[in-house]
Amino acid sequence: MSRDTVLCLCDLSGVMAAPWVAAGYRAVLVDPQHGVDDDREPVIKLACTVDEAMPVIADLIHSGRLAMVAAFPPCTDMAVSGARWFTRKYQKDHLFQARAVQVAEQCRTVGRLSGAPWFVENPVSVLSECFGKPQHIFQPWWFTGLCSDDNYRKRTCLWTGGGFRMPPKT
């Protein structure tokens, strides 16, 4: 069985998967914002949370088909750029950050179990307190040669494993 599938968690846009699909891979995108499931190959969209997608994810891991796992857990409740709103959010929900970190941890666990290169992406955030120092920190504009839509500044962190290699700056 070949490693022919990319799994993108918390990924509404599919931008990460697009070059993989163009190169002949299948992609499975998991994000509740998809609204409805779409199982048309080569891009399968699951309209659910990472937790709800675990049976499908487990099948993908057991199949040995995963070539890459990319995860983009929502940063709204974790990024330091939004810290000024944390007090108000805490007053509404004392567990708001714990819930956000839980999603990120689900993503990291899937990556670790996948047997494939993986990363969890987030801007500078509380994840450093939970996951430790990220393996990579970059600015999206460093890679505009790869994706011109990413020509902006946002100090972004990657926690990685499974032999992930950071691409060279362009």
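Quick notes on this one:
- Test: residue in segment 79-95 that is among the acidic types (D, E), surrounded by fewer than 20 Cβ atoms within 10 Å (Cβ to Cβ) and within 13 Å of the chain's Cα centre (by Cα): no
- Lone unmet requirement of (1) over 14 Å from the mean Cα position of the chain (by Cα); (2) under 25 Å from D93 (Cα atoms); (3) of a type outside the set (G, A, S) for R26: (2)
- Segment 38-76: number of residues that are part of a loop (DSSP other than H, G, I, E, B) and either surrounded by fewer than 12 Cβ atoms within 10 Å (Cβ to Cβ) or within 16 Å of the chain's Cα centre (by Cα) (or both): 15
- Given (1) part of a loop (DSSP other than H, G, I, E, B); (2) open to solvent by 40 Å² or more (accessible area, probe 1.4 Å); (3) in contact (Cβ under 8 Å) with a residue 24 or more places away in the chain, number of the condition R112 does not satisfy: (1)
The values are calculated or read from the model by the stated rules, or taken from the named source; none is laboratory data. Note that the structure is predicted; figures quoted are calculated from it, not measured. Cβ sites come from the backbone with ideal geometry, for glycine too, and all protein chains shown count toward neighbours. The protein model used for the area step is the full one, side chains on, heavy atoms only, and it has no ligands, DNA or RNA in it. Shrake-Rupley method; radii C 1.70, N 1.55, O 1.52, S 1.80 Å.
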